[in-house]
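Participant: First the structure, which I've put down as structure tokens, then a few questions once you've had a look.
Derivation of every value follows stated rules applied to the coordinates shown; laboratory data play no part. Just so we're clear, the structure is a prediction, and the values are computed from it rather than from any experiment. All Cβ positions, even for glycine, are placed from backbone atoms using ideal geometry, and neighbour counts span all protein chains on display.
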Amino acid sequence: MGNRFKTAVLLGALTGLLVVFGNYFGGTQGMVVAFAFALLMNFGADWFSGRIGLAMYGAREVSEAEAPDLVSLVRGLAQRARLPMPRVYVIPTTSPNAFATGRSPRHAAVAVTEGILRLMEREELEGVLAHELAHVRNRDTLISTIAATLAGVVMMLAHMARWAAFFGGGRDDENRGGVLGLVVMAVLAPVAAFLIQMAISRAREYLADATAAQITKKPRALASALQHLQQAAQRVPLEANPATAHLFIVNPLSGRSLMGLFSTHPPIEERVARLLAMRG
């Protein structure tokens, strides 16, 4: 419940930021136009995100005849999680990782790399797959899309505000600070929106870990899997697009320059500590 409440609070904060900034710059009309555009753009991207993500990494759908152990494991977990059977894909790379995608439980897909199938013991792989199915059950794709829409509106308004300030726009009354206030808002609002969006993503990862532990009753197995994944991913990094890094169970960009500081994933050490504190 803690992570669900945190997500609700963060979404509320993001909405509040949008209302304040939208009212400051464009009033109701400008905010509605930006919101409609962002809504269309983000939900359009979400509609095709599953196919795009799978195609981007060359994922191949496998049948039970081709991968009996993997498909059987996914089916059993889906039944325990009370979810429709998702489609199962394998990504041809030795880097160990996994992700789930799809706009709803009935359109979900789970993808694992060849590397994770070689690395994981059965109970560890079970924990990883349960984590991905937890994202499906918790409707994290929808929540991420809503957060992206709200953040996108703030960023579009900020872009408009920068142009308005450049051409001498802005409201000059004493409560708004004129052009200077507009510039400050245009710089700070997108940063705040990004940080809130990142915090939402981290909260959903913690919730997916907890949900996976409830499904399997084996929190220590998932904790062990996360530790092994972190170590192996550093040895064999995945050539991932930063725009899709949030999909994976462990951040494929965690070892690259400053990317780790702005990760959509919480620290592995903290995730492991929370799992180990649970009872099986």
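Participant: Sort Asp209, Asp140, Asp69 by Cβ crowding within 10 Å, fewest neighbours at the top.
Facilitator: Asp69, Asp140, Asp209
Participant: How large is ³J(HN,Hα), in whole Hz, for each residue of the range 110-123 in order, when computed from phi with the Karplus curve 6.51 cos²θ - 1.76 cosθ + 1.60 and θ = phi - 60°, using x for Gly and Pro?
Facilitator: So the J values, rounded to whole Hz, are 10, 10, 10, 7, 4, x, 6, 5, 7, 7, 7, 6, 4, 5.
Participant: Turning to a different aspect of this structure: Fewest to most neighbouring Cβ within 10 Å: what's the order for Phe99, Phe194?
Facilitator: Arranged by neighbour count, lowest to highest, Phe99, Phe194 become Phe194, Phe99.
Participant: Met120: net charge of surrounding residues, Cβ under 12 Å, Lys/Arg +1, Asp/Glu -1, itself excluded?
Facilitator: -4
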